[in-house]
1. On alpha carbon coordinates alone, what is the Rg over Rh value for the range 212-278, Rh being the Kirkwood radius?
2. Excluding residues on the same chain fewer than 8 positions from Lys178, give the aspartates and glutamates whose Cα lies under 14 Å from its Cα.
3. Can you work out ³J(HN,Hα) from phi for every residue in the range 245-260, in order, using Karplus 6.51 cos²θ - 1.76 cosθ + 1.60 and θ = phi - 60°, giving whole Hz and x for Gly and Pro?
4. How much space per residue, in cubic angstrom, does the convex hull of the C-alpha atoms of the range 241-297 take up?
5. What ranking do Phe321, Phe206, Phe288 get, fewest neighbouring Cβ atoms within 10 angstrom at the top?
6. For the range 1-156, what mean projected area does the convex hull of the alpha carbons give, in nm²?
7. Using a 10 Å cut-off around each Cβ, can you sort Val291, Val119, Val23 from fewest to most neighbouring Cβ atoms?
8. Quick one: helix 220-232 against the long Cα principal axis of the chain, what's the angle to the nearest 10°, folded into 0 to 90?
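What follows draws every value from the coordinates through simple rules; no lab data is involved. Predicted model only: the values in this text are computed from it and were never measured. Quick reminder, even Gly has a Cβ in these numbers, built from the backbone with ideal geometry, and neighbours come from all protein chains shown.
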Amino acid sequence: MGSGSGKRVVVTGATGNVGTSVVRLLAEDPEVESVVGLARRLPGRRPPGTQWSTVDLGAEETGLTEVFEGADAVVHLAWAFQPTHDPAVTWRTNVLGGLRVFEAVAAADVPVLVHASSVGAYSPGPKERAVGESWPTHGWPDAAYCREKAYLERALDTFERDHPGIRVTRMRPAFLFKREAASEQRRIFGGRFLPGPLLRPELLPFLPDVPGLRMQALHTEDAAEAYRLAVRTDVGGPFNLAADPPLDAALLAEMFDARLVRLPRPAARAAIAAAWGLRLLPASPHLFDAVLRLPLMDCTRARVELGWRPQRTATEVLAEFLDGVRAGAGAPTEPLRGRKVG
């Protein structure tokens, strides 16, 4: 245990979409004495009660064991989404970096590991009903994001077998949004050629209706609360995290007051593949394939065992995010810096 009466928690990926919210909530928790944020680049503003250190998980020598010494919990959030055209780079950071985190947790004898998995780790599943945490986590093999999340799930299976004294919690959130991350996510998925101000109801009279395009969303702050509860609650295992209602074309058309135009899957994929191939769109067609196959998640376990409930609906989350995209919203960290594109 860390020094003093409160917990010492180390957070990797502390300057990103999820990390900024998790660090803030942990720093405000009276049971947490200190929070150590790890990132490749330090933030411009740092919440009171936090310490910071630069770490590149893609490097062979990270010094993580020394940083983790004396910690009561490690929350592993670090993740690289780009470059989608070079999956070896993301594999080095996400998978090899994740394995380095797990090894350092064991070497430093940290009693709790909270890992950011994802709905993307799940194997293809139903869209008409929700599945629990026992649904297979083999991912969609053609998408690097899903492949990497699923690989780390298998690595954690072995880790838990070899280190039964360490409590491992796996968070499997839906797609996470908040206003301050809007610019980052526009860059990651829409690219520099997507003008945020165009995402207005009066400028989108038509929306494509792609069969199977039904997904869940969650506000980043609600996800961060689940991570905080996981640090404080003596419960391990996997937890699904999502807000209602599921998002589909009909709901989006209602939000934008737009008319739906049926678009076959092959046509939608061909357009995305062409834009991705020309490097006009960062989001790959492989991720599009995965989204069409991801199951809807049942979050009963998180409600019952963590006492967690999202405070915002998925509709409210999406509305806030779109407003942030239009305004070029951001935050004072390198990943979340704002940029309005006209």
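1. That ratio is 1.16, to two decimals.
2. Within the straight-line cut-off, Lys178 pairs with Glu221, Asp222, Glu225, Glu316, Glu320, Asp323.
3. x, x, 9, 9, 4, 5, 5, 5, 4, 5, 5, 8, 6, 10, 9, 7
4. Numbers: hull volume 6.5 nm³, N = 57.
Given the Cα convex hull of the range 241-297, per-residue volume reads 114 Å³.
5. Final ranking by Cβ density, sparse to dense: Phe206, Phe288, Phe321.
6. Projected over every direction and averaged, the Cα hull of the range 1-156 covers 10.3 nm².
7. Fewest-to-most Cβ neighbours within 10 Å comes out as Val291, Val119, Val23.
8. 20 degrees
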